[in-house]
Structures are given as structure tokens and as C-alpha cells.
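Trainee: Sharing a structure, written as C-alpha cells. Questions coming.
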Amino acid sequence: MESNVSTRGSGCAGEASTIATGAESVEDLRECVSGETGSAPSLFPDVILEILCRLPLRSLGKLQLVCKEWRGFIRCRYLMERNMNRRKIICHWHNSKAPNDESNLNQDSESFILLDGIDGLLLIMSTSTLKLTIWNPITQGVLSLPDQDRGTLGVTFSYVKSTGNYLLVSIYKDESDRESCKVLTPGMSESWRPLAFPDVAEAEGLRERQYAEVVSAGQAVHTVLVLKVGSKVTKKVVSLDLGTERFHITCFAEARYNDLKKLRAIDWNGKLALVTVDGTDLHVTELEDYKKQRWCREDKVIPLPFLRKGTNAASLLMPLFAKDGEIWYRFGDSLTVIHRIETGRYTHIITRGLSRAGKLYPYKPTL
């Protein structure tokens with residue numbers, strides 16, 4: 001699916017100082033991926049740190065040329081996180097055509113689908129070749145990735161704090177139609193590495209996958225599965241801890257989730273949540289601790305003031321994620337609604353063509 005991109009403020013590449021010719025690692029794309037997230041180097045006093053955090057990206061790019069120490073500091077993850085926290089969202093990325101004329105992406109009638117985004121980097125897939133690419137809109141750098149397996153259920157893009165590296169996780173159907181998993185450290189690995197995905201089916205026989213959704217939340221990737229094998233229905237969440245690369249399995253059997261057309265699995269402030277829209281309320285069941293297979297004792301019930309009773313508006317509303325006190329929804333096929341939980345206020349932006357399978361990433365620029 002193709003669509004236009006709705007923007008606020010300046011264009012995505014408005015602060016770019018150079019156009020990259022390609023990349024061999026994620027570090028080349030964002031200039032800053034590893035390193036501790038703790039305190040800044042003692043060589044730089046707080047006042048200099050505050051100044052650097054407020055400078056435009058173009059200026060930071062030039063300051064990297066001053067000396068080795070300045071380059072190392074500007075590329076550290078600490079400054080990147082401080083910088084992004086101060087910046088406003090300027091684009092709401094979802095499915096899009098090849099981004100702009102100066103990009104290193106192939107412009108010959110090729111379009112891309114957004115799979116995930118993190119730290120100002122976008123993981124996109126070509127709709128024609130299905131090839132994966134990591135793209136930095138601000139530098140126009142691209143990193144081509146090894147081919148993925150067919151039958152993908154979901155691909156996520158995360159930063160692993162314990163290793164200081166980025167990690168891609170692909171959940172897919174193997175030749176026997178069973179769920180499988182492979183991971184890739186972009187720029188460091190030339191091929192996908194398989195992990196033994198646990199078989200959660202509780203019976204033998206013909207398998208019917210009634211629901212499957214892959215969600216990256218915090219330091220884990222969750223695969224929500226509803227499988228019917230014979231007459232037995234299994235509802236499980238398979239959580240991959242990104243630091244240990246171990247799987248954890250959690251059951252869910254609440255009657256509210258029998259209507260799979262209403263069910264959504266989303267990132268809820270760094271944790272997995274199962275959500276449904278019921279009337280004019282949003283019901284949220286949060287996975288409190290996937291390692292201990294523990295759900296929150298009480299569901300959250302959040303009123304949705306922008307829905308009117310007695311209409312079919314609830315059927316058009318699709319929760320996307322919750323972050324920083326806001327819940328993002330897709331409404332119909334052309335609007336994204338941003339709902340502030342504390343005040344009940346909401347705004348909307350135009351995002352035509354965002355399908356149920358599509359992703360939306362609130363983009364902030366970074367080097």
C-alpha cells in the first residue's frame with residue numbers, strides 16, 4: 001500500500017548537512033548507536049552539554065569535525081537521547097512512496113512500507129522486492145539488510161541496552177506453517193540467526209492461526225497468538241527478552257478477547273497491552289511482568305470523549321500505541337487521533353492509507 005506522508009513544521013531533511021552515499025553499519029546511519037546511557041563525559045561541563053543539546057543538527061554535524069573528543073561526545077548515545085527528548089515530532093511516518101529526490105533509495109517507481117522505527121531510524125520494506133532497508137531521513141543514509149524469510153508475521157527494530165547494539169527480530173511461518181524466529185544485528189551480521197521459537201499449541205492436528213500480532217515493547221518482542229488445533233483453542237503471548245534472547249510464555253483467556261476482530265496488541269508505555277474498544281471506552285489489560293507471566297490485576301478503562309454513543313465510530317477506531325500520556329489511534333482510513341489521557345483532549349492528523357497492518361512512527365530527526 002502506498003500513501004502520502006503528513007508533516008508538521010519543516011521537512012524531514014531540512015537540517016541535513018550532507019547526503020550519505022550508503023552505509024556499512026547502523027553507526028554510519030545515525031552516528032551514535034552504542035555507548036552508555038548514563039552521565040556525560042566529565043570533560044564537558046553541564047553548560048556545554050546544554051548548549052549542544054539545543055543546537056540544530058546541521059551545527060552538530062559540523063562540530064564533529066573540530067576534534068576527536070568532540071566527535072566522540074556528539075556521537076555518544078547520551079547526547080542523542082537528550083537531543084531527541086528536546087525535539088518535536090515533525091513527521092508521522094507510515095506507508096510511503098520513496099521519500100525524496102535526494103535519497104539513496106531506488107526511485108524507479110518503487111514504494112516502501114514502514115515496518116518499525118527507533119531513534120530517528122526507519123526500517124522499511126520494498127513492496128516490489130520485499131527487501132529490508134534501514135534509512136536515516138536526516139542524513140539520507142541507507143543500510144541494506146540480508147533477505148528475510150517469506151511468510152513474515154512481523155519484523156521489529158529495537159535497541160538492546162545490555163549490548164549497546166540494535167537488533168531486528170523476525171517472526172515468520174516456516175515451511176510447516178509453524179511460528180519461527182530469527183534475529184539480526186544490523187551492520188554486524190551478514191545473515192539472520194535462528195532462535196528456537198517455542199511450540200505453544202496444546203494439541204496435535206490441523207493448525208489454524210486465528211490471530212497473530214508481533215509487538216516490540218521495551219526490551220522485549222511479544223508475539224500474541226490465538227491458535228486452533230482440532231477443537232482446542234490456545235491463547236498465548238510468547239515474549240522474547242532481547243537481552244538474554246530467552247522466550248517466556250504467558251496465557252490469556254479473558255472472555256473479552258473472544259472477538260478477535262476487536263482485539264489489538266500494542267506497546268503501552270514500554271509494556272505489552274491487549275486492548276479493545278467497547279462502546280465509548282477503551283479497555284486495557286497490561287502485561288505487568290512477562291518473565292513472571294503476570295498480568296495487571298485490574299484492567300484500565302479509559303473514556304473516549306471523541307466517540308459518540310449510538311454510532312459505528314468505535315468500529316473505525318484502531319489503537320496503535322500509548323506513549324508519554326498519549327494514546328495514538330487510527331480512525332478510518334485517513335485520520336490518526338492523538339488522545340491525551342489526563343485531560344481527555346485530542347487532536348488529529350491526516351494519514352491516508354494507514355492499513356490495519358501498517359505501522360505509524362512519530363519521527364524525530366537525529367544524526
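The values are calculated or read from the model by the stated rules, or taken from the named source; none is laboratory data. Since this is a predicted model, take the numbers as computed values, not measurements. Note that each Cβ is placed from the backbone with ideal geometry, even for glycine, and that neighbours are counted across all protein chains shown.
Trainee: Which members of segment 292-313 meet the condition of being closer than 18 Å to Y346 by Cα and at pLDDT 85 or above?
Mentor: Across segment 292-313, the qualifying residues are V301, I302, P303, L304, P305, F306, L307.
Trainee: Do any strands (runs of 3 or more DSSP E) lying entirely in segment 323-367 carry at least 3 residues that are modelled with pLDDT of 80 or more, of a type outside the set (V, I, T) and surrounded by 15 or more Cβ atoms within 10 Å (Cβ to Cβ), and which ones are they?
Mentor: Fully inside segment 323-367 and qualifying: 326-331.
Trainee: Looking for something of a type outside the set (F, W, Y), under 18 Å from K300 (Cα atoms) and more than 25 Å from the chain's Cα centre (by Cα) - is there at least one such residue anywhere in segment 256-264?
Mentor: Among the residues of segment 256-264, at least one is of a type outside the set (F, W, Y), under 18 Å from K300 (Cα atoms) and more than 25 Å from the chain's Cα centre (by Cα), which makes the answer yes.
Trainee: Can you name the residue in segment 206-252 that is without any contact (Cβ under 8 Å) to a residue 24 or more places away in the chain and surrounded by 14 or more Cβ atoms within 10 Å (Cβ to Cβ) and, of all such residues, is nearest to Q293 (Cα to Cα)?
Mentor: If we take residues in segment 206-252 being without any contact (Cβ under 8 Å) to a residue 24 or more places away in the chain and surrounded by 14 or more Cβ atoms within 10 Å (Cβ to Cβ), then K235 is nearest to Q293 (Cα to Cα).
Trainee: What are the residues in segment 306-317 that are under 17 Å from V275 (Cβ atoms) and either in a loop (DSSP other than H, G, I, E, B) or in contact with a Phe, Trp or Tyr (Cβ under 6 Å, 6 or more places away or on another chain) (or both), if any?
Mentor: Answer for segment 306-317, where residues must be under 17 Å from V275 (Cβ atoms) and either in a loop (DSSP other than H, G, I, E, B) or in contact with a Phe, Trp or Tyr (Cβ under 6 Å, 6 or more places away or on another chain) (or both): F306, L307, L316, L317.
Trainee: Oh, and also: Looking only at segment 157-205, which residues are surrounded by 13 or more Cβ atoms within 10 Å (Cβ to Cβ), among the aliphatic types (A, V, I, L, M) and more than 30 Å from R77 (Cα to Cα)?
Mentor: Listed by number, the residues that qualify are V200, A201, A203.
Trainee: Which of the following residues is more than 25 Å from S170 (Cα to Cα) and not small (G, A, S): T311, T244, T250?
Mentor: On inspection, the qualifying residue turns out to be T311.
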